[in-house]
Amino acid sequence: MNKWVKTILFLLGSVFLTRFIPFSSLFRNLDTMIHEFGHALMTLLLSGKVLRIELYADHSGVTYSSMLTPGRSILVSLAGYISASLFAWLLFYLYRKGLHMWGLGIMTAVALVSLLLYVRGEFGMLWLTGFIVLNVVIMIFGAKIVKFYYLILAFLTLEESVVSAVYVGLMSWTQPSRAGDAANLAQQTFLPALFWGTLFALFALWCANRALTLFFRKESTSRAPRARRVRRA
């Protein structure tokens, strides 16, 4: 079976099955946090100013920022979906390397910085606080379940990065003016929202394919035999 078909089928199955995990809806906001933090980080890298970030219960979010140079806002608009897709890939890379504690640490650090500096609004601040506390408790006392917990977060983040990107891709076909970042990019460039929405969707699927390839890659169980020196009498 084609690897892309496998990726899509696995994602569809994963999206369905993870709906049965208690409180999974709350954990899906992790992807939103990374998406909005990507916008904020790019703004800072381009010498802009982040005014505030808002996270909502419906898994949406918005980053308010200002840029002295209008052309740089193109990169800021690009950063959200690209950051979310790359971060999902990173989580599976760290898992493959046995560095899931590092992954949890990175998630917690991003949440803490977002809470202290940028996120405003009751839901966003409450969600970040709960997420940080839960991560710290798991890292300190949850040695037996930390890997399982990490995988849940990794898969939910991967799913949401693809679903949200595909959704904006479909919106760019049917209702271009409501296609979020794709619509913003269409206003800033000569390329239509359709181009940007399709780009986000394809990039998310590519990152998902690479992430799942890492997850399913078999460990090498055998090593090439070493040459032995034979002493001659």
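Data for the structure
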{"item": "Dimensionless Rg ratio for the range 136-208, taking C-alpha atoms and the 2.2 N^0.38 Å reference", "result": "1.52"}
{"item": "Å² per residue, accessible surface of the chain at 1.4 Å", "result": "59"}
{"item": "Rounded D (µm²/s) - the range 37-149, Kirkwood Rh over Cα pairs, Stokes-Einstein at 20 °C, 1.002 mPa s", "result": "140"}
{"item": "Carbon and sulfur %, accessible surface of the chain computed with the full protein complex present, 1.4 Å", "result": "67"}
{"item": "Surface accessible to a 1.4 Å probe, Met171 within the full protein complex, Å²", "result": "20"}
{"item": "Distance histogram for the chain (every C-alpha pair counted, 10 angstrom bins, percent rounded to whole numbers)", "result": "7, 29, 34, 18, 6, 3, 2, 1, 0"}
{"item": "Per-residue SASA entry for His39, accessible area with 1.4 Å probe, Å² rounded to 10", "result": "20"}
{"item": "Mean residue ellipticity (222 nm) of the chain, computed from DSSP H runs ≥ 4 via -39,500 (n - 2.57), nearest 500", "result": "-22500 deg cm²/dmol"}
{"item": "Over the range 1-97: Kirkwood hydrodynamic radius from C-alpha pairwise inverse distances, Å", "result": "15.3"}
{"item": "Pairs of lysine residues in the chain - Cα separation under 30 Å, sequence separation of 8 or more or cross-chain", "result": "11"}
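The values are calculated or read from the model by the stated rules, or taken from the named source; none is laboratory data. Since the model is a prediction, treat every value here as computed from it, not as a measurement. Areas reflect the complete protein model, heavy atoms only, side chains present, ligands, DNA and RNA absent. Shrake-Rupley method; radii C 1.70, N 1.55, O 1.52, S 1.80 Å.
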